[in-house]
1. In the set 45, 13, which member is over 24 Å from residue 66 (Cα atoms) and surrounded by 14 or more Cβ atoms within 10 Å (Cβ to Cβ)?
2. Go through segment 5-85 and tell me which helices (runs of 4 or more DSSP H), entirely inside it, have 3 or more residues that are modelled with pLDDT of 90 or more, out of contact with any Asp or Glu (no Cβ under 7 Å at 6 or more places or on another chain) and among the polar types (S, T, N, Q).
3. Give me the pairs, please: first residue somewhere in segment 1-24 and over 9 Å from residue 60 (Cβ atoms), second residue anywhere and modelled with pLDDT under 90 and aromatic (Phe, Trp, Tyr), beta-carbon distance under 6 Å, and either six or more positions apart or on two chains.
Amino acid sequence: MRRIAYALAGGLLSAGAPVGLLGVRLARSQPGLRSKPFRRALRELADDRASYMYVGTSTAVAFALFGYIWGVRPTGWPCCPKRTF
């Protein structure tokens, strides 16, 4: 159960990658285009849909896989000492 929870958490955290990419692209846009950020964001998403789909999908798969693998070992990796907080 823990591995599924970690995989889901990784998948949810991966949503930050395409949102961050959109934020960077909007911040770098020309000053005249900043007047309507919502329309600019929708246009950016429509114009470069493939990039956002690739970034979102690949990050979700990588984070979910990492979370699943990390959840298999509840005490951490064998090379690392167990810490109690």
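1. Result of the check over 45, 13: 45.
2. The qualifying helices (runs of 4 or more DSSP H) are 49-72.
3. Matching pairs, first to second residue: 3/68; 6/70; 7/68.
The values are calculated or read from the model by the stated rules, or taken from the named source; none is laboratory data. The structure presented is a predicted model; accordingly, all values stated were derived computationally and were not measured. Reconstructed Cβ throughout: ideal geometry from the backbone, glycine too, with neighbour counts over all protein chains shown.
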